[in-house]
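The values are calculated or read from the model by the stated rules, or taken from the named source; none is laboratory data. Just so we're clear, the structure is a prediction, and the values are computed from it rather than from any experiment. No Cβ is skipped: glycine too gets one built from the backbone with ideal geometry, and neighbour counts run over all protein chains shown.
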Amino acid sequence: MTRAHRAPRRRIQLSLALLLALVAGCAPASPPAARTAASEARYFGDVTPPADDVLRFNLGAEPEIYDPSFAAGQPDGRVCRILFEGLTREDPQTLAPRPGQAYRWEVSPDGLTYTFHLRPGIRWSDGTPVTADDFRWSWLRVLKPENAARYSGLLAPIRNAVAYNQREIPDSNAVGIVARDDSTLIVTLGEPTAYFLYLTQFYTYLPVPRQAIARHGDRWTRPGNIVSNGAFTLRQWRQNNRFEFAKNPRYWDAAHVRLAGMVAYPIDDLNTSTNLYKAGVIDWNPSGYVPSQFIPYMRDYRDFRHGSYQGVYYYSINVTRPPLDNVWVRRALNLAVDRDAIANDLLKGSREPWGNMTPTGYPGYEHPPGYRYDPAKARECLAKAGYPDGRGFRKISILFNTSEDHRRIAEAIQAMWKNTLHIQVELTNQEWGSFMGAVTGLQYDVARRSWIGDYLDPNTFLSCWITGDGNNRSGWSSRRYDGLIRAAAREVDPARRFGILREAEALLLEDGPTLPVYHYSTNELVKPYVRGIYQTALDIHPLTYVWIDRDWRSREAAHGPAAAAGPERERVAGGPAGEAGAADRSR
Amino acid sequence: MVTFLVRRLLLMVPTLWAIATLAFFLVRGAPGGPFQSEKEIPASVKAQLMHKYGLDQPLHVQYLRFLSSAARLDFGPSYKFPSRQVREIIAEALPVSLELGGWALLLSIVVGVPIGIFAAVRQNTAGDFAAMGIALAGVSIPNFVLGPVLVLGFSLSLFLFPPALWEGPQSRVLPVVTLATAYVAYIARLTRAGMLEVLRQDFTRTARAKGLSENVVVFKHALKLGILPVVSYIGPAAARVMMGSIVVETIFSVPGMGRYLVNAAFNRDYTLVLGEVLFYAALLMALNLLVDVAYTWLDPRVELA
């Protein structure tokens, strides 16, 4: 399991194929191997399945911490989801909540009380039973003020959770989490939360082993100490080098887990990751790790997948600084941006132009009209603001953190504003720490930002614009908007709730401090012999039931690649692929 | 000799103190802080984090606390990787950088010194020009170009070595060559210059006049002095190489020191930055001391007092 290259046999075969390709004078974008006469299937690199039932993949950056209660970044979450299982767990394709450690649950008619029934006989990897009190203890651990868990806010819907977390209530028994008996957990919410079952599968809600934490303290997550309840256990970890997971025989559904183990490499460089995929060292190069300039050339490969990703790249406008405090100025700036040109020309169609603040992918949610490029109307708005033809408009600055893509987009928008509105715009780039300091301290005019959803609901994009929210970072405040967001939180009827959120988004776009630019997409490479990894809107990939298909060629010959690879949604028709900048998501 | 060593070791203490002080205030003076993220951390949580790490104390208190813990070589946990101690991070990354850097340094001496000698004894011949031309190219090609080119050639086309990852002896080859190339070239140039100077000196002429063979003149008499510039270069070069190279580590996904050193600064990971800076400073001073000791052995005119 430790060899980097699996089989020398394959290397020879591959080098022959590649030498032929080189002799034929093929460019780098040419299919390197596996072009068989029988099928015209093209794959990026080596497609020989490994001899063992082990999935090897790029984890992304090195996780900061993989203790579920404190995990923050995407790589952290990936490790947590492999090792632990929550009350509910994501459907591998739709991410809808499915029974996990809880095999059934009831919700009271007012939407405030959730009663979870744990599966009989579930155990930690050390043999100790998993109890309802383990969940209660783990969630209180997240909320405990001294623990300073970064994502404790995700538990906010639970009654008194925020008050306890902020020391307003000292007694943890007042928090709405009760273990009625070993197998029944009763959770009381402060307000009906339509997406609560999505939250219970988020990694902050995962149970942690009390017994191991008592014994090993801060070092309980180390191999040898760690105890988990998911489909896999941690066998080895070397920092910046590798995670090795082994199948957990005590997992309740171990009979259906087909992988013997997994090896995850923390590789933060996009080119390195793609090289390793091409060489067949890793079987899955997840989204965010295909260099964006390769994406236009990758589309013809069958193992390349793209689809929508729940994230929006936008500019935030500091409304505390004149002339940006004028709503007509903000509308003018929005209308003067040609999003199609940025997405299709500048970024070669690798992203989707987007004029809304919430992304696609919420069944039943209808977007309010978003911004479209309209130079005439933009000039009109600027005149209404008192700056006809840009006269008297002070020079404004676009702030972005150092990155080639951010710079190119900022340059394009600078030119669009200059040409359409005749205003002066300068560019300021700062390294990450200074940039974050400036944005948080409102020391900017217009700043590049992005937002990635935590759960499948428009609320995750809209609630951060309420007055005083730590993620608002624009100085914008609207009493009507705050009221709408609060009303939506109290609304039990899903259709009415979406209606309220739609109104809020319309208000945000019309008056607000935001200038959406593009919609994120997922772009990933998955070897054809890997089954069970699907493209999902949150780029979350439950790996429990993944398997290595050594007969993939015959299966594909019989049914065609689409049938063998799984449902059609793996390839979203016509959806331009984009790249969630690794920088955005590893932070 | 002993007095010299003791004095130099004692002198390291104030130097390290000065570096620690400068680094402490520089990293604190940088805008931003360690607990920033694209997703805002709630104010109460942030306050709790600041409290947990003592960042809510007045700066001078933090400074004194930092000095006393640094004296005990305990820098506390990293802010970015809160479950790991700075000591642990260095202890795990250092052997990797030592291995990568050690091989690279060895390779650059073994290849660079003979090239330099060859060029010096054949000064202004075609061989000299060829050797120095190659050396110039080696110095000029940045490793972020050389690394990917080597990967393309040797991994993705010839399948001789894995394209990245630090697993197994084969994985060492490309990163070592990438890292060593610039050093090979530089050492070759230093050797040539040093040898040329020595070969012109009177004692070399005397040696030749005695009728010694050219080999004995070059390798026994001239080399010991001609290599002095290389020796003084190797001290800091070794320290640099052991602290890792962010470029080579990133291209080949090597779990060494370099990425931590650079990224810790970007992340405002105060404890990790200070731990790494002080470690680097101590390493650099120790190796320079070794170089000075080596001088006495190579050049009888040098006396340490």
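Quick notes on this one:
- Selection status of B:G194, within 14 Å of chain A (Cβ to nearest Cβ) and either in contact with a Phe, Trp or Tyr (Cβ under 9 Å, 6 or more places away or on another chain) or at pLDDT 85 or above (or both): no
Listed here are the residues, each with its yes/no results for (1) more than 25 Å from A:F202 (Cα to Cα); (2) more than 26 Å from the chain's Cα centre (by Cα); (3) at pLDDT below 95.
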position: A:A438; (1), (2), (3): yes, no, yes
position: A:D445; (1), (2), (3): yes, yes, no
position: A:G453; (1), (2), (3): no, no, yes
position: A:A495; (1), (2), (3): no, no, yes
position: A:A504; (1), (2), (3): yes, no, no
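- Against the list (1) within 14 Å of chain B (Cβ to nearest Cβ); (2) in a helix (DSSP H, G or I), the condition A:R167 fails is (2).
- Restricting attention to the stretch A:436-480 and to residues that are among the aliphatic types (A, V, I, L, M) and more than 15 Å from A:R321 (Cα to Cα), the residue that is farthest from the other protein chains (Cβ to nearest Cβ) turns out to be A:L456.
- Residue match in the stretch B:213-223 (condition: over 17 Å from B:I89 (Cβ atoms), in contact with a Pro (Cβ under 7 Å, 6 or more places away or on another chain) and not charged (D, E, K, R)): no
- Of all residues in the stretch A:477-516, those satisfying the criterion of being under 18 Å from A:G190 (Cα atoms), touching a residue at least 24 places away in the same chain (Cβ under 8 Å) and outside any helix (DSSP H, G or I) are A:E491, A:V492.
- Of everything in the stretch A:255-285 that is facing another protein chain (nearest Cβ under 10 Å) and without any contact (Cβ under 8 Å) to a residue 24 or more places away in the chain, the residue that is surrounded by the most Cβ atoms within 10 Å (Cβ to Cβ) is A:N275.
- Checking the stated criteria, B:I246 turns out to be at pLDDT below 90 and within 14 Å of chain A (Cβ to nearest Cβ).
- Residues of the stretch A:506-519 that turn out to be hydrophobic (A, V, I, L, M, F, W, C) and either crowded, with 19+ Cβ neighbours inside 10 Å or modelled with pLDDT under 95 (or both), as a count: 4
- Within the stretch A:108-127, the presence of at least one residue that is in a strand (DSSP E or B) and either among the acidic types (D, E) or under 17 Å from A:I226 (Cα atoms) (or both) is confirmed.
- B:V241 meets the stated requirement of being crowded, with 20+ Cβ neighbours inside 10 Å and assigned to a helix (DSSP H, G or I).
- Qualifying residues in the stretch B:38-72 (those that are assigned to a loop (DSSP other than H, G, I, E, B) and surrounded by 14 or more Cβ atoms within 10 Å (Cβ to Cβ)) - the one nearest to the other protein chains (Cβ to nearest Cβ): B:E40
- Here the condition is being of a type in the set (A, V, I, L, M, F, W, C) and surrounded by fewer than 20 Cβ atoms within 10 Å (Cβ to Cβ); of A:V187, A:V142, A:V178, it holds for A:V178 alone.
- Residues being under 23 Å from the mean Cα position of the chain (by Cα) and within 9 Å of chain A (Cβ to nearest Cβ) - total across the stretch B:123-166: 4
- Residues of the stretch A:172-189 that are in contact (Cβ under 8 Å) with a residue 40 or more places away in the chain and more than 26 Å from the chain's Cα centre (by Cα): A:I177, A:V178, A:A179, A:R180, A:D181, A:D182, A:S183, A:T184, A:L185, A:I186, A:V187, A:T188.
- A Cβ distance below 6 Å, combined with a sequence gap of six or more or placement on separate chains, defines the contacts here; from the stretch B:291-305, residues that are in a helix (DSSP H, G or I) reach residues that are surrounded by 10 or more Cβ atoms within 10 Å (Cβ to Cβ) and modelled with pLDDT under 80 in the pairs B:Y295/B:V302; B:T296/B:V302; B:T296/B:L304.
- Filter pass, B:V254 being surrounded by 18 or more Cβ atoms within 10 Å (Cβ to Cβ), assigned to a loop (DSSP other than H, G, I, E, B) and in contact with a Pro (Cβ under 8 Å, 6 or more places away or on another chain): yes
- If you go through the stretch B:21-35 and pick out every residue that is under 18 Å from B:M50 (Cβ atoms) and either within 14 Å of chain A (Cβ to nearest Cβ) or of a type in the set (A, V, I, L, M) (or both), you end up with 9.
- Subset of the stretch A:232-254 [within 14 Å of another protein chain (Cβ to nearest Cβ) and in a loop (DSSP other than H, G, I, E, B)]: A:Q239, A:N240, A:N241
- Qualifying residues in the stretch A:204-218 (those that are assigned to a helix (DSSP H, G or I) and either of a type in the set (A, V, I, L, M, F, W, C) or more than 14 Å from every other protein chain (Cβ to nearest Cβ) (or both)) - the one surrounded by the most Cβ atoms within 10 Å (Cβ to Cβ): A:Y205
- Filter result for A:S450 (crowded, with 16+ Cβ neighbours inside 10 Å, in contact with a strand residue (DSSP E or B) (Cβ under 9 Å, 6 or more places away or on another chain) and either farther than 21 Å from A:L199 by Cβ or not charged (D, E, K, R) (or both)): yes
- Here the stretch B:272-281 is the region considered, the condition is being among the aliphatic types (A, V, I, L, M) and over 12 Å from the mean Cα position of the chain (by Cα), and the residue that is farthest from B:P34 (Cα to Cα) is B:L278.
- Filter result (in contact (Cβ under 8 Å) with a residue 24 or more places away in the chain and more than 18 Å from B:L179 (Cβ to Cβ)) within the stretch B:82-121: B:V86, B:R87, B:I89, B:I90, B:E92, B:G116, B:I117, B:A119, B:A120, B:V121
- Test: residue in the stretch A:131-140 that is assigned to a loop (DSSP other than H, G, I, E, B), touching a helix residue (DSSP H, G or I) at 6+ places or on another chain (Cβ under 6 Å) and touching a residue at least 12 places away in the same chain (Cβ under 8 Å): no
- Residues that are at pLDDT 90 or above and under 20 Å from the mean Cα position of the chain (by Cα) within the stretch A:291-305 comprise A:F304, A:R305, listed in sequence order.
- Summed over the stretch A:44-95, the residues that are away from chain B (no Cβ under 14 Å) and either under 15 Å from the mean Cα position of the chain (by Cα) or of a type in the set (D, E, K, R) (or both) give a count of 12.
- Selection count where residues are surrounded by fewer than 12 Cβ atoms within 10 Å (Cβ to Cβ) and in a helix (DSSP H, G or I), scope the stretch B:204-221: 3
- Within the stretch A:108-128, if we keep just the residues that are exposed (fewer than 15 other Cβ atoms within 10 Å of the Cβ) and farther than 21 Å from A:K247 by Cα, the residue that is modelled with the highest pLDDT turns out to be A:S108.
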